[in-house]
1. Is there any pair linking a residue in region 214-237 that is of a type in the set (S, T, N, Q) to one that is assigned to a strand (DSSP E or B) and surrounded by 12 or more Cβ atoms within 10 Å (Cβ to Cβ), with Cβ under 8 Å and at least six apart or on different chains, and which?
2. Considering every residue within region 12-22, establish whether at least one is of a type outside the set (K, R) and modelled with pLDDT of 95 or more.
3. Is it the case that A212 is small (G, A, S), surrounded by fewer than 18 Cβ atoms within 10 Å (Cβ to Cβ) and either under 30 Å from S294 (Cβ atoms) or outside the structural domain of S28 (by TED's automatic domain parsing) (or both)?
4. Quick check: anything in region 155-162 buried (at least 17 other Cβ atoms within 10 Å of the Cβ), more than 16 Å from E50 (Cβ to Cβ) and aliphatic (A, V, I, L, M)?
5. Which of (1) closer than 30 Å to N572 by Cβ; (2) touching a Pro at 6+ places or on another chain (Cβ under 7 Å) does Q518 not meet, given it meets every other one?
6. Filter region 466-522 down to residues that are in contact with a His (Cβ under 8 Å, 6 or more places away or on another chain) and surrounded by 13 or more Cβ atoms within 10 Å (Cβ to Cβ) and give me whichever is farthest from Q534 (Cα to Cα).
7. Considering every residue within region 241-248, establish whether at least one is closer than 25 Å to L38 by Cβ and modelled with pLDDT of 95 or more.
8. From N270, N303, grab the single residue that is under 25 Å from R25 (Cβ atoms), out of contact with any Asp or Glu (no Cβ under 7 Å at 6 or more places or on another chain) and not in a loop (DSSP other than H, G, I, E, B).
Amino acid sequence: MTRNRIRVLEATVANQIAAGEVVERPASVLKELLENSLDAGAQHLRIRLEEGGLSLLAVEDDGIGIPAEELPLALERHATSKLRCAEDLQRIASFGFRGEALPAIASVARLRIQSRPAEAGAAVQIEVEGGRVLSSQVCPRAPGTTVEVRDLFFNVPARRKFLRSPTTELGRMQKVLRQTALAHFAVGFELIQGSRILAHYAPAASEAAQDARVGEILGTDFLANSLRFAEEDGELRIRGWLGLPTYNRPRADEQHFFVNGRPVRDSALNHALRAAYADVLYQDRHPVAVLYLSMPPHWVDVNVHPAKTELRFADSRRIHDFLRHAIRSVIAHEAKPSRPLAGATIVPEGQAVASRGPGANAGMALGGESNAAQWRLSGSSAASTLAEQAGRYWEQVVAPADASNSDARTKTVVPTDQEQMEVTAPPLGYAIGQVHQRFIVAVNAQGLILVDQHAAHERILYERLKARRPDERSQTLLLPQVLSLTATDVTRLDERAAWLEAAGFQWTVTGPQHIHIQAGPADIPSAQYPELFQSYLTTSFAEFRDSDAFLAERACKMAIKTNHPLSLAEMNALLRQLEACPRYSQCNHGRPTVVEMQLAELDRLFLRGR
């Protein structure tokens with residue numbers, strides 16, 4: 001075997017190797033050039049393309065420019081104005097800092113750079129081909145910098161053959177531009193291919209303009225179905241837009257994270273977002289979000305990969321928990337009652353309620369004493385349990401705080417006009433009827449409310465199950481119930497014993513394929529124990545990866561179903577309990593529980609005001 005001598009690589013070869021990490025395709029070139037322009041303080045950037053960036057990719061900016069004597073250094077490897085010592089790596093605030101991008105790009109393309117600081121009388125232009133400087137001369141240009149990259153990978157055929165069609169490469173560059181435009185609202189961007197303007201984002205200083213940019217990039221549907229928010233915990237801050245749980249996608253392809261203004265990919269951030277939506281989304285659906293995290297630079301290490309899209313947090317657990325808690329709070333707050341529920345109280349059963357509005361006596365007849373018996377739902381024990389809680393919820397959540405006011409405790413203060421309705425009506429209003437024994441129809445101050453009775457009851461039961469104490473889980477049977485199992489069931493019984501016990505089941509094995517159920521969940525009729533026990537053994541184990549999923553499945557099985565008739569009192573009990581739940585706008589699977597139609601929408605349907 002021939003022994004090769006160790007030697008230092010030529011600069012052009014070293015740069016081509018570095019380009020393999022930094023320059024994958026036109027989109028990565030665009031990312032590096034945009035970061036350089038942003039670090040230069042540019043307020044307007046124009047991107048010009050030909051053939052999807054394969055023939056030409058040029059970025060023009062109005063930044064501070066590079067002095068003539070420093071411009072050749074910008075093409076040298078590891079030459080940068082953004083670092084001075086190793087300690088600076090611990091507090092990086094710029095987007096670029098390695099000093100690798102320009103020389104790496106120049107080594108695999110034909111590059112021309114023009115730059116002029118504001119104080120200089122003219123710009124300087126340098127042309128490079130495959131890492132070799134061809135010329136340097138003075139040229140006219142307004143203050144700022146232009147970098148033109150032509151024929152990417154012209155001298156590395158092995159890399160060029162892996163590039164896709166111009167259309168595909170253009171799509172990837174548009175994605176980079178959208179990410180950058182989301183990260184920097186104060187900067188204007190324009191993307192031109194040939195003579196065609198493909199994108200134009202004007203600087204967005206105001207909140208309205210920022211909303212408009214988000215809507216332009218993610219779609220107006222997202223903007224209409226999202227919540228803008230801001231939370232902070234000391235030096236840790238988060239802001240952005242969260243899609244409602246009902247606005248979701250089959251893939252996690254519209255989750256945009258920015259840390260100190262830098263677009264990043266991080267599994268901990270993705271996991272925190274997913275966990276925050278865990279009990280309001282189907283397991284195969286993903287939330288949509290645009291999130292901006294701000295923290296001291298020394299809390300995060302961006303020097304993980306040359307592409308600078310990956311990072312490492314000093315305290316990943318704190319970041320994860322803060323993000324998850326903040327998002328869960330926002331989602332829960334969105335569904336919380338927006339005003340105190342004072343003024344809505346209970347009238348004795350059968351007592352008529354005066355009203356001057358059409359159909360109002362149906363909607364306001366909330367009859368029934370503040371007694372669990374008066375709120376009992378007919379049918380299953382699960383439904384009865386819901387009703388038994390209604391009286392307590394009614395007193396605690398809806399009735400006035402002044403317990404000494406006996407009139408307030410026995411009569412409903414009925415809103416007789418729109419102004420009074422706005423003061424007294426609960427957020428979900430007053431029930432006026434049921435549609436096909438499936439949906440509850442209610443009226444509130446804003447208009448009409450439609451409630452899916454199964455989804456609403458499911459959310460209520462799920463929150464109750466999560467909050468229940470261990471000693472409230474089981475009820476012991478006077479006579480054990482015998483259950484026969486298959487061989488597969490016996491195997492699964494060992495695997496799922498912890499979940500079954502957490503659900504409230506207790507059992508003894510009486511034979512190779514027989515058990516005696518001795519206790520079961522306290523809030524489910526004992527007659528349903530064998531069927532429920534069996535269903536937990538046969539359901540896909542993937543659905544029981546955590547206790548919340550297990551409880552969500554139980555709540556779904558326990559909830560009242562379609563074709564379950566409800567009285568007005570029972571409907572109102574359900575509405576009041578739903579208002580007391582966090583994240584009440586969605587069931588445990590992400591389906592909406594409540595749909596509101598405002599008066600203005602109803603007016604439009606009937607062409608009123610025309």
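1. N225/G243; S226/W241; S226/L242; S226/G243
2. No, region 12-22 contains no residue that is of a type outside the set (K, R) and modelled with pLDDT of 95 or more.
3. yes
4. Within region 155-162 (the criterion being buried (at least 17 other Cβ atoms within 10 Å of the Cβ), more than 16 Å from E50 (Cβ to Cβ) and aliphatic (A, V, I, L, M)), the answer is yes, since at least one residue qualifies.
5. Exception for Q518: condition (1).
6. So the residue we want is P480.
7. Step one: filter region 241-248 for residues closer than 25 Å to L38 by Cβ, giving 241.
Narrowing the set further to residues that are modelled with pLDDT of 95 or more leaves 241.
Yes; the residues of region 241-248 include at least one that is closer than 25 Å to L38 by Cβ and modelled with pLDDT of 95 or more.
8. Working: N303 fails: not in a loop (DSSP other than H, G, I, E, B).
Matching residue, one of N270, N303: N270.
The values are calculated or read from the model by the stated rules, or taken from the named source; none is laboratory data. Quantities reported herein were computed from a predicted structural model and do not represent experimental measurements. Positions of Cβ are backbone-derived with ideal geometry, glycine not excepted, and every protein chain shown enters the neighbour counts.
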